[in-house]
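To start, the structure under review is shown below, and the notes come after it.
All of the numbers you see were taken from the coordinates with simple rules; none came from a lab. These numbers were taken from a predicted model, which means no experiment stands behind them. Quick reminder, even Gly has a Cβ in these numbers, built from the backbone with ideal geometry, and neighbours come from all protein chains shown.
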């Protein structure tokens, strides 16, 4: 069961993916030793870290209700 905020989280993830893709495209047009290339490289890495965090949180939100329900069922079966 997903929480109501899952739609917003998906929108944020989608927007970050768009920003990352745009940064990749811009970076391809630059020389490797330019400051702008280095700046975009840092931005792309930051987008990746944020995506990793958001997807981990999203997976945890999806997992917690399932794990909690199974734990409750197991406790009920033992009692």
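Mind counting the residues in region 33-66 that are under 15 Å from residue 9 (Cα atoms), touching a residue at least 40 places away in the same chain (Cβ under 8 Å) and surrounded by fewer than 13 Cβ atoms within 10 Å (Cβ to Cβ)?
Counting residues in region 33-66 that are under 15 Å from residue 9 (Cα atoms), touching a residue at least 40 places away in the same chain (Cβ under 8 Å) and surrounded by fewer than 13 Cβ atoms within 10 Å (Cβ to Cβ) gives 2.
Are any of the residues in region 25-32 touching a helix residue (DSSP H, G or I) at 6+ places or on another chain (Cβ under 8 Å), surrounded by 12 or more Cβ atoms within 10 Å (Cβ to Cβ) and part of a helix (DSSP H, G or I)?
Scanning region 25-32 turns up at least one residue that is touching a helix residue (DSSP H, G or I) at 6+ places or on another chain (Cβ under 8 Å), surrounded by 12 or more Cβ atoms within 10 Å (Cβ to Cβ) and part of a helix (DSSP H, G or I).
For the structure I just gave you, tell me whether residue 19 is surrounded by 11 or more Cβ atoms within 10 Å (Cβ to Cβ), assigned to a loop (DSSP other than H, G, I, E, B) and in contact with a helix residue (DSSP H, G or I) (Cβ under 9 Å, 6 or more places away or on another chain).
no
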